[in-house]
Every structure is written in C-alpha cells, then in structure tokens.
Amino acid sequence: MAEATYRGLEALGRRPFILTRSGFPGIQRYAFVWTGDNESRYEDLALSVPMLLSLGLSGIPLAGSDVGGFGLDAEPELLLRWMWLGALYPFFRNHSALGTRRQEPYAFGEPWTSQMREALRFRYRLLPYLYSLARTAHEEGLPLLRPLGLHWPGEAAAWRDDQFLLGEALLAAPVLRRGERAREVYLPPGGWQDFWSAERLEGACLHRVAAPLEHLPLFQRAGTAIPLTEARYPTRTARWPFLCFRVALGSEVRGWVFEDAGEDEDVGAWSELEGGFDGRRLELHFTDRSGHARQGVVAEVWGVAPPTRGQGYAYHNGLLRLDVQGGGAWVAWD
C-alpha cells in the first residue's frame, strides 16, 4: 500500500510524503513511521526514546511518536516536556484520540501556551540542521536520532536509553519524570557546551544539570557548527534565505547544510562552514553552493569575551557574531 501510494504521488511530479504505523523491512523506502497508539503517561514519554533509537538503527530514520500521547488525558506539564522532546523527533506531531482531553498547545492557557510556542519556534529554527541530517540518512544510512554508543562504542556509560544524539553535534537529555527540575547527564569524552547558557563542560563524566520547564537539557559538541534559521512559517522549500551557524569552539570547527527545492527532482547542494580556533584567534569561512539568494549568513559564538581585533564581526554582552556571507571573517584576543 505504501509503495503504491508512493508511485502514484511520484507520477504526479511530487515528492511523496506518506505515513504508516507498520510495515515490512524496506518500508523506509516509501514512508515515515510513527510508533502507534501510546498514552498520555510519563512512561510512554520515556519509552519513545529507545523506540525511536531502535527504529533508526534498524534502518528507519524518519520516525516519531505521538506527542502528548494518543490515549488518556494529557496534563500540561507532560505535554510541555513532550513538546520539547518532540521538537527533536524526525517526525513531530501532536495527536490524540477522540474522547480525550484537547491537547493543542493553546488548550491549557498561559503560561503553558507561551512555553509550548517556544518549543515550536525552536523546531522551526532547527529545520536546516534536521533537513541536513535527513539528507545524511539518505546518503549514508545514519539515523537522525542516535544512541551515544554509536559514536562512543567503547564507553560503557554511553549506552543509555534516556539520552540521545541528534546527529553528531547535539546531545539531548529530556526530562522523563513528573516534577523533575534537574537531572543527571552523561557527556561522552571531549568538550561540550550547554546550548542555552553557553557553559563549557568536560566529557567522560556525569553532570547534574538544571532542567527548567522552559526547555530541555541540550548540549553541543565542541568543534561543531549547527545551521539554524529564523522561525518563519509556513516552509515550502528547503532553501534558507537566512542562516545562523551556532558554533561551539574547538581547534577545528565544521558545519554543513543541505538545501533543495523541497519538491520535484532538484538534486540540491551542500554548503559548509569551516575554520578553527587556536585559543587566541578564531577564523571561519563559508562556502555557499546553494545557488540561491541570501539575506544573510552569520556564525554565532556565545559566552566569550570581547575580541580585541578582527574583521566582519559584532559583539554584545557575551555574544560574538561573525558575518560570513561574503566568504569569511576572523577575530583575535590578544
């Protein structure tokens, strides 16, 4: 059925989007998958992480779970936590059964609506990174959601089912229990940076971190650059007029973004940000192969002191922004 539907849409000149709850091996060639009729419980919220990691390792990278739960009545705190986790799912939807409490983001009023709106806005900002990971899954077979042990197989502590990687650059540690405002996070070897506070943390150990309602614990790997964009909707193409690479400093810095028309047979193109940081000088170069007009391309570094000199940069209150649309920019701390 999925294959027949795929062929029919393909014949109309469209890029097919099909969703199924089940299928034989090979279903990933034709459809996204969701994990079936879960319920509005923290147990089901937590279970979605190993389920989606297992699907990804089984060759089905584009999958998700019903955010908020399909059966039973969702509570606002559960839905908010699930919205932030769902913002990182390859397939993200809020879906519930007839006869259950309404669980749209606006259903519970303030302050919940504003907090859930921020999760949705973050999803839109993250689309260039998610789309690039989807292309990587197509080209190389690597899933978007990955267990830590996939990249650190020799680290026994990395084999956890309550954390995951989104690509190689982001590590998420969602809150999976009612009422928690802090949790334990294992960071693999290397340097890491708190995505929200810019605090730098060492890996190969456990950390006790804050987990407020406003977002989920999220950490960026040192040396990576994550492509983000503005929270604009709707999205009809995967061409991003404005790009903002969030940089976590490392001796080498690299980030990629894939863009195409979002429909038809456009082959698309990879563009990349490259550079390095030696402790005193940061230099970044952007190679744009997209072929479409840009409104701007910048790189952001949070939590640094003001540089003493440089080219193509602006600094304010701990935020360093480099304009790399023309090719490159640099700063130095003497």
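The values are calculated or read from the model by the stated rules, or taken from the named source; none is laboratory data. Predicted model, so just to flag it, every value in this text is computed and none were measured. Ideal geometry is used to build each Cβ from the backbone, glycine not excepted, and the neighbour counts take in all protein chains shown. For accessibility, only protein heavy atoms count, side chains too; no ligands or nucleic acids. Shrake-Rupley method; radii C 1.70, N 1.55, O 1.52, S 1.80 Å.
Numbers at a glance
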item	result
Helices (runs of 4 or more DSSP H) fully within the range 100-191 counting 2 or more residues that are buried (at least 21 other Cβ atoms within 10 Å of the Cβ) and in contact with a strand residue (DSSP E or B) (Cβ under 6 Å, 6 or more places away or on another chain)	127-140
Residue list for the range 10-28, filter: within 23 Å of the chain's Cα centre (by Cα), free of Cβ contacts under 8 Å to residues at least 24 places away in the same chain and more than 30 Å from Arg101 (Cα to Cα)	Pro16
Criterion: at pLDDT below 95 and among the charged types (D, E, K, R) - qualifying residue of Glu283, Glu274, Glu184, Glu263	Glu263
Residue ID - most open to solvent (accessible area, probe 1.4 Å), chosen from residues in the range 293-313 that are in contact with an Asp or Glu (Cβ under 8 Å, 6 or more places away or on another chain) and assigned to a strand (DSSP E or B)	Arg309
In the range 247-292, residue most open to solvent (accessible area, probe 1.4 Å) [restricted to those that are in contact with a Lys or Arg (Cβ under 6 Å, 6 or more places away or on another chain) and not in a strand (DSSP E or B)]	Glu263
Among (1) in a loop (DSSP other than H, G, I, E, B); (2) modelled with pLDDT of 95 or more; (3) open to solvent by less than 50 Å² (accessible area, probe 1.4 Å); (4) not aromatic (Phe, Trp, Tyr), the one test that Glu214 misses	(3)
Scan of the range 29-51 for residues that are closer than 24 Å to Gly262 by Cβ and surrounded by 21 or more Cβ atoms within 10 Å (Cβ to Cβ), ordered by number	Ala31, Val33, Trp34
Candidates Asp44, Asp37, Asp73 - the one that is of a type in the set (Asp, Glu), in contact (Cβ under 8 Å) with a residue 12 or more places away in the chain and within 18 Å of Ala173 (Cα to Cα)	Asp44
